[in-house]
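All of the numbers you see were taken from the coordinates with simple rules; none came from a lab. This one's a predicted model, so the numbers in the text were calculated from it and none came from an experiment. All Cβ positions, glycine included, derive from the backbone under ideal geometry; neighbour counts span all protein chains shown.
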Amino acid sequence: MVAHLSDFSIAKLLTGEDQSMTQTQTLATIGYMAPEYGREGRVSANGDVYSFGIMLMETFTGKKPTDEIFNEEMTLKHWVNDWLPISTMEVVDVNLLSQEDIHFVAKEQCVSFVFNLAMACTVESPEQRINAKEIVTKLLKIRDSLLRNVGGRCIRQSNLN
């Protein structure tokens with residue numbers, strides 16, 4: 001099974017009980033949209049990469065970019081970035097990683113690599129962001145490294161399709 005993420009940029013606005021209107025303008029979700037979209041309305045694959053990076057952070061922290069603890073001065077991205085050099089354990093969701101886990105070191109390294117990938121996805125300048133092909137390559141390397149370190153077997157890419 002292969003997961004696919006998509007945003008069709010369509011929002012339905014209910015105007016009455018049986019009436020609806022479809023808005024086909026690109027609508028971004030606060031907290032996930034790339035800075036260039038917010039500033040200039042510029043839509044690109046690089047903006048999708050930015051949103052993917054935020055989604056990775058959300059997945060591995062258990063926090064949403066719209067949570068009350070975040071605001072214009074302290075975003076999810078800034079919070080993760082501030083803690084990463086100090087300790088991955090300060091930002092990772094406690095349900096994902098426990099120091100009692102027999103594979104703790106390997107899993108912590110994996111999560112650290114994922115957070116670093118998320119940071120590469122959310123670089124302010126769209127031109128300096130990692131591209132989608134590089135993301136896939138890095139995710140496969142992270143997966144393979146984790147499986148090697150915990151004694152699992154690596155799955156060939158052809159088996160993923």
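Brief remarks on what is shown
- Cleavage-rule hits (GluC sites (Glu not before Pro)) in the range 37-104: DSSP loop, at most 13 neighbouring Cβ within 10 angstrom: Glu68, Glu72, Glu73, Glu100
- Where labels lie 7 Å past Cα in the beta-carbon direction, separation of Glu72 and Ala120 in nm: 3.3 nm
- Arg143, Arg148, Arg39 arranged by Cβ crowding within 10 Å, fewest neighbours leading: Arg39, Arg148, Arg143
- Cα→Cβ-extended label distance, 7 Å offset, between Ile102 and Ser145, nm: 2.3 nm
- Neighbour counts of other Cβ atoms within 10 Å put Tyr50, Tyr32 in the fewest-to-most order Tyr32, Tyr50.
- Simple spin-label estimate for Ala45 and Gln128 in nanometres, 7 Å along Cα-Cβ: 2.1 nm
- Shape of the range 44-160, Cα gyration tensor, a/c cut at 1.5: oblate
- Order of Leu76, Leu146, Leu84 - criterion: other Cβ atoms within 10 Å of each residue's Cβ, fewest first: Leu84, Leu146, Leu76
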